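S.K.: If you scroll down you'll find the structure; I have some questions about it.
The values are calculated or read from the model by the stated rules, or taken from the named source; none is laboratory data. The model shown is predicted, which means the values in this text are computed figures rather than measured ones. Positions of Cβ are generated from backbone atoms using ideal geometry, with glycine treated the same way; all protein chains shown enter the neighbour counts.
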Amino acid sequence: MKNQILMTTLVLFTAVAGYANEGEQRLQSIGTISCDTKDLVRAVKITADTVFLTETGLTVLEEKLEITKDQKSMGQQADITNAEFLSTKKDYTASLNKAYKINQKGGVGITIPASIKLTYNVVKGDTVLSKGEVLSTVTCRVETKKNVQGDDTLKHSMQVTSFEITKDFEEKK
Amino acid sequence: MRTKKIIMGLAIISVTHQSFAFSIGGTQIGGPKPKTPTEQQPAKKATTLVSIKPSLPIVNKLGKNPFNTDIAAKIESALGKFTQAPSLNPTVAYYETFPARNILPLTDVKMIDRSDDSDSVVLTDYVSIPGQSANGSALGLRMALVPEESRVRASQQMAENGLIKTGDLIVSTRPLFANSLQYLALQLLSTHISMAVVVNENGRKLVYNLDMPMDDKMMGGKNLGFGKSVMDASHFTEDNPNLMLHILRPRMESEAQRQNIQKWLEKALVKAREKKIYPSKLSFNTDYNSPMYREVNGKADLSFVADTARLLLGQSLTANDHLQQFCSEFAWVLLSLKDCNPDATSSDFKKGKIPACVSEFFKPMQMFGSAFSSGTAKDEDFYGMTDGIPMLINQTGANPQLSMQLIDFALPGKDKEAKGLSVGHKGVAALMAPLIKQTNGYFKLTLTRDAKQIDGARAMLNPNTPRNYSPTGFVVHAGMPDSVNGVKVAQKKLDYVVTIKYVPKAKLKDLQSK
């Protein structure tokens, strides 16, 4: 299933954290190819579409929409229809440039939070039950890490700092 | 149209923060003018008043024959049985306990022998493994059994009687996960660290928990409102069944350091309540393997510590555009400010450099230390974050055969189901499986005392990751012996005080009154 495949991808992207965090209910960071705005948008989409607990089979977005496990098993699901970068690109780019400079000096560079809007449909078969929007803010980290051979490699990762349903309305019948 | 605002479980908090005024010690501190109840968030709880009752002394059942089967049965009845190892104490796994010899003496805690008040907190011993030789130490816990229906009054009792102090670390530990995922055993079942802040409020002392993330799950107090959690936010009450809380005390060298920490933590509590720095300037780092701490040419870069101080002082970030810290990282950062008086050093922080008063609370740790091979107690890397299991076994004085059994008990080579743990964690556990397999062998190798072989294995196992200060690292500090071969362990910076377990009042009556 699509979401489970994405979850596998996510886990592989996930840094092998040696230590569990409080985040039994929280996602790990997501490795990205770069901190480019397109990669961030893609990563937020993957996050929303990720199955978080195998026991429920619900994606992150579906859990937030309070879709139940039973509804999901009857074919109801949330589909993301669009994703766009909302923040001022100039400010974000300036922050990303600073993150690279911090990394060059040996530190961990972290960008200012950037806003990304997702739009979604809740569907059951071909029927659209409702539509809505999610506003998410994310940061991107730039850091140098050792790979298994012990060589320095440049790594980028995204972390979600908020994920809020801002619009959720039922379709007119 | 139906509009929802849902605080999510992704280290997430609403982006439309509302700040509100509040008080410590009856004086309003910071924040804009008070809003009407309908504007406040969370208005209903923030205005809740709880009547002030006289403080209760703590009931002391310590040292009343910890091996007494009657007492042990009552404790186990209160705690529930979590683990199923037939040869070991079945309630709490040994790797979730501390050497009895190192437990911090309670020299200044007010206690009584018994109480008829059902709100009374009871202190008692819990032995996991008795000492195994003449020089061996028992492993166990000093339990504080707390009536779960009376969390506010318990917070008052523990603060006013000095059982919990400002700066103490509150470690969330999960006995439920004993004998499940082996990587949780390597972490000594510790998953989160909060900090304790004791405040004088409306004529009484209370202990509040301060957390990263500064969100409702961690700091949304059920009784007194956001930022006034007396360990009654959902993390402590709903999300983690059978949670226990280890209290660890940072070693301070002076009263001035204690006062500095008091000031910094009160400022952090203020900022958390204002909701102005989290998560817009300082957010939760979900990757515990990637701290902000880095060494450049062998020298620590503490600019992120200085930037955190600036946020707490109401100043702008200078070295960074954004900060990201996990729970124990935030605690380590705050403790690394112990030599800075915020009132006196504010202008130093404003200059943009790192003031000289900023210093590492402890040297961030490697995965495995030198304690079992060529190291001496003077080494700053004597123990690593992952050394907890052999460090505890070693202190029992167990013979090699029992030691190996205890290692296999913790790391049996096979994971069992950990219900309620996220897919992400299970994925990480699966990825770590090869390392865990090697760790079992490495721990057994440490029993040989073959320094050359152990050092060789350690060099291969210590991965190419930055030094770190995970929750487990703090627990390992508290479990370290005070000295080895007569030499003081220089690395040790924390002491174990007590483990809090909230239990129904009905189960405590006999322990309180007899």
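S.K.: So which of B:Tyr183, B:Tyr208 is of a type in the set (Phe, Trp, Tyr), under 20 Å from B:Leu248 (Cα atoms) and buried (at least 24 other Cβ atoms within 10 Å of the Cβ)?
M.R.: So the residue among B:Tyr183, B:Tyr208 that is of a type in the set (Phe, Trp, Tyr), under 20 Å from B:Leu248 (Cα atoms) and buried (at least 24 other Cβ atoms within 10 Å of the Cβ) is B:Tyr208.
S.K.: Test B:Gly375 against the criterion of being of a type outside the set (S, T, N, Q), in a loop (DSSP other than H, G, I, E, B) and crowded, with 16+ Cβ neighbours inside 10 Å, and give yes or no.
M.R.: On the way: of a type outside the set (S, T, N, Q): yes; in a loop (DSSP other than H, G, I, E, B): yes; crowded, with 16+ Cβ neighbours inside 10 Å: yes.
Yes.
S.K.: Consider segment B:437-483. How many of its residues are of a type in the set (S, T, N, Q) and under 19 Å from the mean Cα position of the chain (by Cα)?
M.R.: Total satisfying the criteria: 3.
S.K.: A follow-up question, please. So for segment B:346-356 (the condition being touching a residue at least 24 places away in the same chain (Cβ under 8 Å) and within 7 Å of another protein chain (Cβ to nearest Cβ)), does at least one residue qualify?
M.R.: No, segment B:346-356 contains no residue that is touching a residue at least 24 places away in the same chain (Cβ under 8 Å) and within 7 Å of another protein chain (Cβ to nearest Cβ).
S.K.: Would you pick out the residues in segment B:334-344 that are out of contact with any Phe, Trp or Tyr (no Cβ under 7 Å at 6 or more places or on another chain), in contact (Cβ under 8 Å) with a residue 12 or more places away in the chain and either assigned to a strand (DSSP E or B) or hydrophobic (A, V, I, L, M, F, W, C) (or both)?
M.R.: Scanning segment B:334-344 gives a single hit, B:Cys340.
S.K.: Go through the residues of segment B:458-470 one by one and say whether even a single one is hydrophobic (A, V, I, L, M, F, W, C) and either touching a residue at least 60 places away in the same chain (Cβ under 8 Å) or under 22 Å from B:Met212 (Cα atoms) (or both).
M.R.: yes
S.K.: On to the next question. For B:Met244, work out the one condition from (1) over 22 Å from A:Met158 (Cβ atoms); (2) touching a helix residue (DSSP H, G or I) at 6+ places or on another chain (Cβ under 8 Å); (3) within 14 Å of another protein chain (Cβ to nearest Cβ); (4) among the aliphatic types (A, V, I, L, M) it doesn't fulfil.
M.R.: Failed condition: (3).
S.K.: Could I ask something else about it? State whether one or more residues within segment B:229-243 are at pLDDT 95 or above, among the charged types (D, E, K, R) and farther than 27 Å from B:Asp339 by Cα.
M.R.: Yes, that holds for at least one residue.
S.K.: Here's another thing I want to ask about it. With B:Asn394, B:Asn462, B:Asn399, B:Asn468 as the choices, which residue is modelled with pLDDT under 95 and under 25 Å from B:Gly140 (Cβ atoms)?
M.R.: Only one candidate qualifies: B:Asn399.
S.K.: Return the total of residues in segment B:284-324 being of a type in the set (S, T, N, Q), at pLDDT below 95 and either at negative phi or surrounded by 24 or more Cβ atoms within 10 Å (Cβ to Cβ) (or both).
M.R.: Count: 4.
S.K.: Also, quick follow-up: Inspect all residues belonging to segment A:110-119 and state whether any of them is in a helix (DSSP H, G or I), buried (at least 19 other Cβ atoms within 10 Å of the Cβ) and at the interface with chain B (Cβ under 8 Å from one of its Cβ atoms).
M.R.: Scanning segment A:110-119, I find no residue that is in a helix (DSSP H, G or I), buried (at least 19 other Cβ atoms within 10 Å of the Cβ) and at the interface with chain B (Cβ under 8 Å from one of its Cβ atoms), so the answer is no.
S.K.: Another one. If B:Asp343 passes every condition in (1) more than 12 Å from chain A (Cβ to nearest Cβ); (2) closer than 30 Å to B:Tyr183 by Cβ; (3) among the charged types (D, E, K, R); (4) surrounded by fewer than 16 Cβ atoms within 10 Å (Cβ to Cβ) but one, which one does it miss?
M.R.: (2)
S.K.: Next question. If I ask for residues that are over 14 Å from B:Gln187 (Cα atoms) and among the small types (Gly, Ala, Ser), which ones from segment B:355-409 would you list?
M.R.: B:Ala356, B:Ser359, B:Gly369, B:Ser370, B:Ala371, B:Ser373, B:Ser374, B:Gly375, B:Ala377, B:Gly397, B:Ala398, B:Ser403
S.K.: Does A:Leu86 meet the test of being more than 10 Å from chain B (Cβ to nearest Cβ), surrounded by 15 or more Cβ atoms within 10 Å (Cβ to Cβ) and among the hydrophobic types (A, V, I, L, M, F, W, C)?
M.R.: no
S.K.: Can I ask one more? If A:Leu53 passes every condition in (1) in contact with a Gly (Cβ under 9 Å, 6 or more places away or on another chain); (2) at pLDDT 90 or above; (3) not β-branched (Val, Ile, Thr) but one, which one does it miss?
M.R.: (2)
S.K.: Here is a further query. Give just the number: which of (1) surrounded by 20 or more Cβ atoms within 10 Å (Cβ to Cβ); (2) closer than 20 Å to B:Met195 by Cα does B:Pro390 not satisfy?
M.R.: With (1) surrounded by 20 or more Cβ atoms within 10 Å (Cβ to Cβ); (2) closer than 20 Å to B:Met195 by Cα applied to B:Pro390, the lone miss is (2).
S.K.: Quick test of your reading of the structure: B:Ala331 fulfils all but one of (1) out of contact with any strand residue (DSSP E or B) (no Cβ under 6 Å at 6 or more places or on another chain); (2) crowded, with 24+ Cβ neighbours inside 10 Å. Name the failing condition by number.
M.R.: Unmet for B:Ala331, out of (1) out of contact with any strand residue (DSSP E or B) (no Cβ under 6 Å at 6 or more places or on another chain); (2) crowded, with 24+ Cβ neighbours inside 10 Å: (1).
S.K.: Output the residue which, of all residues in segment A:128-173 that are at the interface with chain B (Cβ under 8 Å from one of its Cβ atoms), of a type in the set (Val, Ile, Thr) and assigned to a strand (DSSP E or B), is surrounded by the most Cβ atoms within 10 Å (Cβ to Cβ).
M.R.: Among them, the one singled out is A:Val160.
S.K.: For B:Ala309, which of the numbered conditions (1) in contact with a Ser or Thr (Cβ under 7 Å, 6 or more places away or on another chain); (2) away from chain A (no Cβ under 14 Å) fails to hold?
M.R.: (1)
S.K.: Same structure again: For segment A:102-123, enumerate the residues that are within 25 Å of B:Met292 (Cβ to Cβ) and in contact with a Gly (Cβ under 7 Å, 6 or more places away or on another chain).
M.R.: Listed by number, the residues that qualify are A:Ile102, A:Asn103.
Conditions tested, residue by residue: (1) more than 14 Å from chain A (Cβ to nearest Cβ); (2) among the aliphatic types (A, V, I, L, M).
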| residue | (1), (2) |
| --- | --- |
| B:Asp216 | no, no |
| B:Val230 | yes, yes |
| B:Glu255 | yes, no |
| B:Glu274 | yes, no |
